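No lab work stands behind these numbers, since they all come straight from the coordinates. What you are looking at is a predicted structure, and each value in this text was computed from that prediction instead of being measured. Positions of Cβ are backbone-derived with ideal geometry, glycine not excepted, and every protein chain shown enters the neighbour counts.
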Amino acid sequence: MAFFQKRAPLPKADLQHLPRHIAIIMDGNGRWAKKRGLPRTAGHAAGAETFRAIATYCKEIGLEYLTVYAFSTENWKRPAEEVSAIMGLLKKYLLEAIGQMEHDRVKMNFFGDLSVLSPELRQLCQRTQEISTHYDGCQVNICLNYGGRDELLRAAMAYARDCVEGRADPNHLTQDQFGTYLYSKGVPDPDLVIRPSGELRLSNFLLWQSAYAEFYFTDVLWPDFSKEELHRAIAAYQRRSRRFGGV
Ligand code: FPP
């Protein structure tokens, strides 16, 4: 598995020079549960705990942006029981987040089409977003009913509407302007994309935004992902030379 980073010794991440934006595909919950003879939903519950711990740690070390892939536009294909368990975990997390927002000052944001969620979950998403609008802590973006291709199609349609209605010029569109039609409007592109669980693909995550992201793959399953693993990912990132197509 030459693609994976070596485990030991623990590399020292320089926390004074963090990437601005880390994005994570929280993968491996199902396999984590299966290895323990547990239902997949138990894996998601453990994954939600890991998310809490990692998000808290990111806030503590002063990361500016954390984006996590919680539920994709394709995840609706999963058994109803599993979908409902994931939605339940999100609800639980958001209720808790609302309770401690004044203290945490984490800015919550959502990427994805929330219109198909239950009214209750949708309202919770809106509330957490509204309450935290002016917070200056880490911004946590939860990708919920999110797909990169879906995001690009929606952006293209919104731009086409603006052209038809005279608000945009069809002959002039810059990358920055197009970015304003995306869910990630105003958020810098991810510097580092982490995918645990041994899978080596992007799975429709932040397709536009990841154009120049650095990738870190590890075979650790998401529920087992730790601060130490995050340090390894950051240290690997810090050893990279980012040229953005230059020399
Ligand atoms: C991928 O692992 C994980 C998901 C599709 C769901 C992620 C959801 C959570 C971590 C819980 C809720 C989130 C928050 C933000 C509170 P998988 O099920 O595909 O794992 P597998 O590949 O091993 O089957």
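Note on region 20-95: dipole from Cβ charges, positive end direction compared against Y65, L38, P79; the farthest Cα belongs to L38. In loop segments of region 177-241 as defined by DSSP, the chymotrypsin sites (Phe, Trp or Tyr not before Pro) with at most 12 further C-beta atoms inside 10 Å of their C-beta are Y212.
Shown in residue order for region 77-82 are the 3J(HN,Hα) couplings computed by the Karplus curve 6.51 cos²θ - 1.76 cosθ + 1.60 at θ = phi - 60°: 6, 6, x, 3, 5, 5 Hz (x for Gly and Pro).
Here the dipole of the chain is about 740 debye; that uses its Cα centre as origin and unit charges on the Cβ of Lys and Arg (positive) and Asp and Glu (negative). Efficiency by 1/(1 + (r/R0)^6): what FRET value for I98 and L38, r their Cβ-Cβ distance, R0 = 45 Å, to the nearest 0.05? Efficiency at R0 = 45 Å is approximately 0.95. When shorter helices are ignored and each DSSP H run of at least 4 residues is given -39500 (n - 2.57), the per-residue value for the chain at 222 nm works out to -12500 deg cm²/dmol.
The residue among A48, P119, G88 whose Cα reaches farthest toward the positive pole of the charge dipole of the chain, with charges on the beta-carbon of Lys, Arg, Asp and Glu, is A48. Between R105 and R149, the contour length at 0.36 nm per residue exceeds the Cα-Cα span by 12.7 nm.
Computed FRET efficiency, Cβ-Cβ of D14 and E165, R0 41 Å: what is it to the nearest 0.05?
It comes out at approximately 0.25.
Note on the chain: with a GNM built from Cα contacts shorter than 10 Å, the maximum mean-square fluctuation among Q175, Q123, Q100 falls on Q175. Using the Cβ-Cβ distance between E74 and R31 with R0 set to 30 Å, the FRET efficiency works out to roughly 0.95. Kirkwood radius for the chain, taken over all pairs of different Cα atoms as the inverse mean of 1/r, rounds to 19.0 Å. Taking label positions 7 Å along the Cα-Cβ direction at both A211 and Q238, the computed distance is 2.9 nm, reported to one decimal.
Placing a pseudo-label 7 Å from each Cα along the Cα-to-Cβ vector at V116 and E130 gives an inter-label distance of 2.5 nm. When the square roots of the Cα gyration tensor eigenvalues are ordered a ≥ b ≥ c, the ratio a/c for region 137-178 is 1.5 or more and a/b exceeds b/c, which makes its shape prolate.
With the Cα gyration tensor of region 1-142 giving a ≥ b ≥ c as the square roots of its eigenvalues, does the rule (a/c under 1.5 for rounded; else a/b larger than b/c for prolate; else oblate) give rounded, prolate or oblate? It is oblate, given that a/c is not under 1.5 and a/b is not larger than b/c.
Note on D176 and S226: their simple-model spin labels are 4.4 nm apart, each label 7 Å out from Cα toward Cβ.
Anisotropy class assigned to region 75-183 is oblate, per the alpha carbon gyration tensor with a/c at or over the 1.5 cut-off and a/b no larger than b/c.
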